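The values are calculated or read from the model by the stated rules, or taken from the named source; none is laboratory data. Values in this document were obtained by computation on a predicted structure and should not be read as measured data. FYI the Cβ positions are ideal-geometry reconstructions off the backbone, even for glycines, and counts take in every protein chain you see.
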Amino acid sequence: MPDRGEEVKIEIPEKFNLAEIIVDGSAEKFRKKDALICVGSKELGIEEEKLTFEELKIMTDSVAASFQREGMCYDDRVLLVLPDSIDFYLAFYAVMKLGAIPIPVNTYLEAEDYHYYLEDSRARYAVVFSGYEQAVKACERSEYLKNVFDERDLRKMAERKVEDFTPLRLSRDSMAFWLYSSGTTGLPKGVVHLQHDPVVVCETIHKLVYRINEKDVCYSISKLFFSYGLASCGFGSLYFGATTILDPDRPDVSRALRIIQEREPTVLFTVPSFYARLVKEDAPENHSLRLAVSGGEPLPESIWYSFKEKYGVEIVEHIGSTEALYAFIGHYPGKVRPGYTGVVMPGWEAKLVDNEGNEIEGDGIGKLLVKGDSIAAFYWEKHEKTKNTFLGEWYDTGDTFMREGKYYRHYGRADDLIKTRGLWVSPVRVENALLKHPAVMECAVVQGFNENGLEVVACYAILDEGFENEIVSELRTFLREQGLKGFEIPEKWIFVKDLPRTATGKIQRYKLRLIEREMVKA
């Protein structure tokens, strides 16, 4: 039998507009309260700015009316290349009020990447920050775009007051927005989410697990173009009347620490690699954090303990995906078991299956399938991939987990598992053990090959300052002391200055595997 999370009954209207609930509904309840606080950016020329819930509604109404006059209408795809700023919210929700489909994408890419998004989505409109030259360049050669707007256009539109704009009400199952997958395993895929999906996320994990409320100040270091950032602070915080802090700049530890101290967020959202950088620095003398949430990839146990010691706050880990929109496995605050990913979240069901698709009963290791109401409808124009991933009501996460009672432990992507000497190795298990050693800042363990072309465990590692490459023997001994078996200990060690990553911070292990295969061919 599948594991079931806490049961939740959610009443969702048959017809509504998501912006009507997130923006307009919150404006009625929290009118003069600060909804958004943008800390500004000297580099991007963005001023510090605040917006109340009422002002957000008025401005999105005005922008939506202007977009409508420009010819934008329901079902039009609209590419958004905007920093984490008030402009992002104006564009995202104004587009949505028309029944058009916002598609926020990574802001740190090259022109060819944006060209791919434009051609793949056949976007009719784009809203692009004027300082993002690569995105601007891509828009100039798109054959589908009808018009392109920037942040200056948005502000002019916002000044044209309208009496009261009525959002277009669509089916609860209409397309609401797309997110492109982060591309850890190849070209990004357009993940299509429906109107009811964010409501489900808010009424389950945000309400029952994190208990977000109007007294909270939420700060997501993970950007809004990433499903984790969008679900946390793009709609999750607004839904409950919490104030959201926005930082348009690239994630930076010194800047984040200053924001934590000066802006006093109560809830922090970021990824394990950023927590690893935070614990290397002194914690702010005074902070207001009540909750620190980790997502995107597994959180090493050592980082959990270091953060708890420095901040006096436990990190609440979860794992989700762009396809699920948010978390399906995670922890409840106060019930965290470090080293485990967590339990099945409210409104979700989960099961482990073997290589033949048979369900694994009781404790064991297998591929995780989950079922919940925020799962995407399909991949845009990727029929075969859709069929292989969305299996009726079940979504194949592609992740391998070990189940112990009600708790799950992440073992890595199914295609990340390593074979050596005829035995399978979990890269996550090896990485977590290595990260307990003070010399290792970050690492990625992948399928490698020795000089004879034989399969071995390969470790790509970033060493902390003061440690040299000659530390291999010490690391091997340390892993044995951590309880790893001989075949699990890396045979091949490569020390690097950085690791390939997606824009959301996930390590792209497939690129390291490609390097290994190219070495064998050579």
Output the residue which, of all residues in the range 340-360 that are among the charged types (D, E, K, R) and at pLDDT 95 or above, is farthest from R429 (Cα to Cα). E349
Looking at the structure I just gave you, is I260 at pLDDT below 95, part of a helix (DSSP H, G or I), β-branched (V, I, T) and not assigned by TED's automatic domain parsing to the domain that holds C443? no
Just one of the numbered conditions (1) surrounded by 24 or more Cβ atoms within 10 Å (Cβ to Cβ); (2) farther than 13 Å from V267 by Cα; (3) among the hydroxyl-bearing types (S, T, Y) is not true of S181; which one? (1)
Filter result for R337 (at pLDDT 95 or above, in the same structural domain as V191 (by TED's automatic domain parsing), at negative phi and not aliphatic (A, V, I, L, M)): yes
Considering every residue within the range 155-175, establish whether at least one is modelled with pLDDT of 95 or more, assigned to a strand (DSSP E or B) and under 21 Å from the mean Cα position of the chain (by Cα). yes
In the range 223-267, residues that are of a type in the set (S, T, Y) and in contact with a Ser or Thr (Cβ under 6 Å, 6 or more places away or on another chain) total 6
Output the strands (runs of 3 or more DSSP E) that fall wholly within the range 405-522 and possess 3 or more residues being more than 30 Å from M345 (Cα to Cα), in contact with a helix residue (DSSP H, G or I) (Cβ under 6 Å, 6 or more places away or on another chain) and at pLDDT below 95, or say none. 440-449
If I filter the range 2-46 down to residues being free of Cβ contacts under 8 Å to residues at least 24 places away in the same chain and touching a strand residue (DSSP E or B) at 6+ places or on another chain (Cβ under 9 Å), which single residue comes out as farthest from P198 (Cα to Cα)? K32
Selection over the range 231-255 where residues are surrounded by fewer than 22 Cβ atoms within 10 Å (Cβ to Cβ) and not in a loop (DSSP other than H, G, I, E, B) yields a count of 4
Do we have any residue at all in the range 281-295 that's in contact with a Ser or Thr (Cβ under 9 Å, 6 or more places away or on another chain) and at pLDDT below 95? yes
Counted residues in the range 177-230 being under 21 Å from E381 (Cα atoms) and hydroxyl-bearing (S, T, Y) come to 6
Tally the residues that are surrounded by fewer than 18 Cβ atoms within 10 Å (Cβ to Cβ) and either in a loop (DSSP other than H, G, I, E, B) or outside the structural domain of L246 (by TED's automatic domain parsing) (or both), restricting the search to the range 51-75. 5
Which condition number does C459 fail, the rest of (1) of a type outside the set (A, V, I, L, M); (2) under 24 Å from K511 (Cβ atoms); (3) buried (at least 20 other Cβ atoms within 10 Å of the Cβ); (4) not assigned by TED's automatic domain parsing to the domain that holds I507 being met? (4)
Look through G366, G412 and report the one residue that is among the small types (G, A, S) and assigned by TED's automatic domain parsing to the domain that holds D173. G366
Within the range 1-20, residues surrounded by 21 or more Cβ atoms within 10 Å (Cβ to Cβ) and hydrophobic (A, V, I, L, M, F, W, C) come out as L18, A19
If you scan the range 375-397, which residues turn out to be under 20 Å from N358 (Cβ atoms), touching a residue at least 12 places away in the same chain (Cβ under 8 Å) and in a loop (DSSP other than H, G, I, E, B)? E393
Go through the range 163-176 residue by residue and tally those that are loosely packed, with under 15 Cβ neighbours inside 10 Å, in contact (Cβ under 8 Å) with a residue 24 or more places away in the chain and out of contact with any strand residue (DSSP E or B) (no Cβ under 8 Å at 6 or more places or on another chain). 1
Could you tell me which residue of the range 299-355 is surrounded by the fewest Cβ atoms within 10 Å (Cβ to Cβ), considering only residues that are among the polar types (S, T, N, Q) and closer than 16 Å to M402 by Cα? N355
